[in-house]
Amino acid sequence: MKALLLDAEWKPKSTYRFSEHELATKSTYNGSEAFYNPTLKMIDIPVPKPVQGEVLVKVKCTGVCGSDVHMSQRLADGYTAYPGHCKFPVVLGHEWSGEVVELGKGVTSLKVGDLIAVEEMAWCGKCTVCRSGLFDQCTQLEEIGFTKQGSFAEYIAVPEQYCWKINDIATALGDKKKAFEIGAMVEPCCVAYNGIFISAGGFLPGSYVVIAGCGPVGMMGIALTRASGAAKVIVMEPSVTRRDLAVKMGADYAFDPVACEKQGKRPADIIKEVTGGEGVKMCIEAAAAGPVTYPIFEEVLDPSGKIVQCGMGAAKVPVSVLRMQWQRLHINGSVGHSGAIFPLVIRLLAAKRMDLSPMVTGRYSLDKVIDAIKTAEKLMDTKVMVVQD
């Protein structure tokens, strides 16, 4: 079967302190410190056979994530631009949906013909962290499309414990093809849900919310906060195309903070003007631009307000500890989506409380997946989708 492979040379930098686990497995929690000269190519590999507890899935749709772009990009020193957990070579792709075509022994919760979306974080369920309910922080974590075979392929075998049915979405929409597209966006939507409601504990209906960055997670943050009763959702985004789409997704006000600064208008003042001088209860950082966004957040947050860090950025962030202390502000780190978040998002989508379909602005076949990644790299599209029959 066809698959998209990303390969790179394991070349650890001496300036990074690797754990014994990283050195033993030749995987790392910061790819930019270990993997040199990343290269993409289409290959042929055998169709996997599902083992005990697994299902074989025909991949139908896979979204191109910013992580896919960053893993394939090279920094000035030749290392991958992705500063997260990875192991190469690997078949990329982790935002996906498909149809179950074969069951391994012992599978009881799924049947052939089920439509599914799948968790990307492959937690072990056995370590102390997992048994404490913190699956995304699993000490033995593997990740589909990062450290093990991903979904830019015709088929993939996955354990049933990571699979969630999207049959209800297909029934609600009356369109299996569209359900697969929506299903492929469940994973990034759950990333936003995890940050807003699980890590940060949510907000009261009627609150004001600010979102920095209108990539997929930021857009889904708009949909989720609107569905949850935010009185106003204010968006900071430099791209005019993404600002326009943000309004279609439910944002009440969207502005370009970079352009405003050049015109002598402070972003914090603009936000206060939109809220009538009232404070904001939650700021969602989905731009990976913390050095710029955090000072704005600190200024506009109400006492006991929350910052939710969803964007993956390696830069250190300036924080006024005294202001954080005096205003009782909270910074909530968040990564991943595990812990029964998938069924909650799937129910919202099946109930039509949210519509993610406007986010799909580009569609490519598996043969053109490298072109899809190059398109996503330009940051003009919101969600580029690789679609298979």
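Quick note: the coordinates plus some simple rules give every number you see, no bench work behind them. Since the model is a prediction, treat every value here as computed from it, not as a measurement. Heads up, the Cβs are rebuilt from the backbone with ideal geometry, glycines too, and the neighbour counts pull from every protein chain shown.
Structure summary
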read-out: Among the candidates THR62, THR28, residue that is of a type in the set (Ser, Thr, Tyr) and touching a Pro at 6+ places or on another chain (Cβ under 9 Å); value: THR28
read-out: Some residue of region 111-126 being touching a Cys at 6+ places or on another chain (Cβ under 7 Å), over 20 Å from ALA8 (Cβ atoms) and part of a loop (DSSP other than H, G, I, E, B); value: yes
read-out: Residue list for region 43-101, filter: over 16 Å from GLN149 (Cα atoms) and assigned to a strand (DSSP E or B); value: ARG74, TYR79, THR80, GLU99, VAL100, VAL101
read-out: Residues located in region 335-383, provided they are within 18 Å of the chain's Cα centre (by Cα), in a loop (DSSP other than H, G, I, E, B), within 25 Å of ASN194 (Cα to Cα) and not acidic (Asp, Glu); value: VAL335, GLY336, HIS337, SER338, GLY339, ALA340, ILE341, MET354, LEU356, LEU379, THR382
read-out: Residue within region 71-93 that is surrounded by fewer than 23 Cβ atoms within 10 Å (Cβ to Cβ), basic (Lys, Arg) and out of contact with any Lys or Arg (no Cβ under 7 Å at 6 or more places or on another chain) present; value: yes
read-out: One residue from GLU120, GLU181, GLU99 being more than 20 Å from the chain's Cα centre (by Cα) and either within 18 Å of CYS61 (Cβ to Cβ) or of a type in the set (S, T, N, Q) (or both); value: GLU99
read-out: Condition met for TYR36 (within 19 Å of the chain's Cα centre (by Cα) and either farther than 30 Å from LYS178 by Cα or of a type in the set (Gly, Ala, Ser) (or both)); value: no
read-out: Odd one out for ALA231 among (1) within 30 Å of GLY277 (Cβ to Cβ); (2) buried (at least 18 other Cβ atoms within 10 Å of the Cβ); value: (2)
read-out: Single residue of GLY104, GLY113, GLY98 found to be crowded, with 22+ Cβ neighbours inside 10 Å and small (Gly, Ala, Ser); value: GLY98
read-out: Residue selected from region 21-42 under the condition assigned to a helix (DSSP H, G or I) and among the aliphatic types (A, V, I, L, M), by the criterion surrounded by the fewest Cβ atoms within 10 Å (Cβ to Cβ); value: ALA24
read-out: Top-ranked residue of region 187-212 - restricted to ones that are aliphatic (A, V, I, L, M) and assigned to a helix (DSSP H, G or I), ranked as nearest to ILE116 (Cα to Cα); value: VAL191
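Conditions (1) more than 19 Å from the chain's Cα centre (by Cα); (2) under 20 Å from GLY339 (Cα atoms), marked per residue:
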position: LYS165; (1), (2): yes, yes
position: CYS189; (1), (2): no, yes
position: ILE198; (1), (2): no, yes
position: GLY201; (1), (2): no, yes
position: PRO205; (1), (2): yes, no
position: VAL235; (1), (2): no, no
position: LEU245; (1), (2): no, no
position: TYR253; (1), (2): yes, no
